[in-house]
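No lab work stands behind these numbers, since they all come straight from the coordinates. What you see is a predicted model, and the numbers here were worked out from it, not measured in a lab. Cβ coordinates were reconstructed from backbone atoms using ideal geometry, including for glycine residues, and neighbour counts include every protein chain displayed.
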Amino acid sequence: HISASSSLSSSSFALLQPNAWPTTDSWGEDNASHFQSSIQSYYDHICKVAHAIVDAICDGIKHYHTEMKPYMQLSSTTSSTSTSCTRNTSILTLLGYRKGARHQGKHATPLVAAHTDVGVITVLLFDGGTCTSAKLQRCESNDIHYGSTSNIKPTSWVDVKLPSTIPQDPIFVVNIGDCLSDMCNGILPSTLHRVMPCKGGTIPRNCLALFVGLSPDEKIVLPKATVDRSSCNEIIV
C-alpha cells in the first residue's frame with residue numbers, strides 16, 4: 001500500500017499510486033477494514049514468495065546457461081531478501097469469471113483471449129470448486145516467445161488442472177512473462193494462455209493474480225539476440 005502522502009506516489013513514479021480501497025459507506029466499517037488488511041497482508045507475503053521464485057529461476061538459468069549471467073542480475077530491491085515490498089511495480093488483481101452469454105452455443109468463445117503477460121512472472125491463486133464457470137488453459141507448444149505470439153495459431157490447448165479444494169499448502173500457478181523471457185533470450189518462453197468457459201458450470205471462479213514487476217528504477221540488460229540492433233552487443237532499458 002502506498003499512501004497519498006508518500007513520496008513514491010509523486011509524478012516521478014507514475015506506476016506507483018495510492019490504492020483505491022472500498023469505502024466504509026459502501027462496505028461497512030468492519031468489512032472494509034477486514035478486506036483491506038487481508039489483501040494487504042496477502043500482497044506483502046506473496047510479493048516475497050514471488051521474488052523468491054524469480055531468484056530461483058534466475059539462479060537456475062545462470063547455472064545451466066553460464067553465458068546468461070550478465071543478463072540475469074537484478075537489484076537488491078527486487079530480491080526476496082528485501083524487507084520491503086513497496087518499491088516494485090507488482091500489481092495484485094482479483095479476477096472473477098461468471099457464467100454469461102459466452103457460455104452458450106456449440107462453440108463457446110474465450111472469456112479471456114489468448115495472450116501472454118508483459119511482466120516478469122504472474123503468480124495465480126485460484127479458489128476451489130468442482131463445478132466452476134471457467135478454466136485456465138495454456139498453449140501446448142513449447143516454442144512460444146514474446147514478439148511472435150500474434151502470428152501463432154495454436155492448434156492444441158492444455159487445461160491447467162487444479163485441486164477441487166484449497167489445501168493447507170496451496171498450489172500456485174506461475175506464468176512466465178515477456179520481460180523475463182526477453183531477459184533470458186527466450187530460454188523460458190512467455191506462457192501463452194487463455195480462459196475458457198466450462199459447459200454446465202455455474203459456480204463463479206475467482207483468482208488472485210500477482211503480476212510481478214521490478215523496481216521502477218531497475219535497469220534491465222537484454223541479450224543482443226532479443227533486439228534488432230546489429231551494432232550493439234547489449235541494450236539497457
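At a glance:
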item: Sorted peptide list for 20-32, 109-121, 185-197, criterion being average Cβ within 10 angstrom, highest first; result: 185-197, 109-121, 20-32
item: J(HN,Hα) series, the stretch 157-166, from Karplus relation 6.51 cos²θ - 1.76 cosθ + 1.60, nearest Hz, glycine and proline x; result: 10, 10, 5, 7, 7, 10, x, 6, 10, 7
item: Pairs from LYS48/LYS219; LYS62/LYS219; LYS99/LYS161; LYS48/LYS99 whose Cα-Cα separation, in the structure shown, is over 28 Å; result: LYS48/LYS99
item: Total charge dipole magnitude, the stretch 27-76, about the Cα centre, Cβ charges on Lys, Arg, Asp, Glu only, Debye to nearest 20; result: 280 debye
item: Reach of LYS199 by Cα under 19 Å, taken over aspartates and glutamates that are not fewer than 8 positions away in the same chain; result: ASP127, ASP159
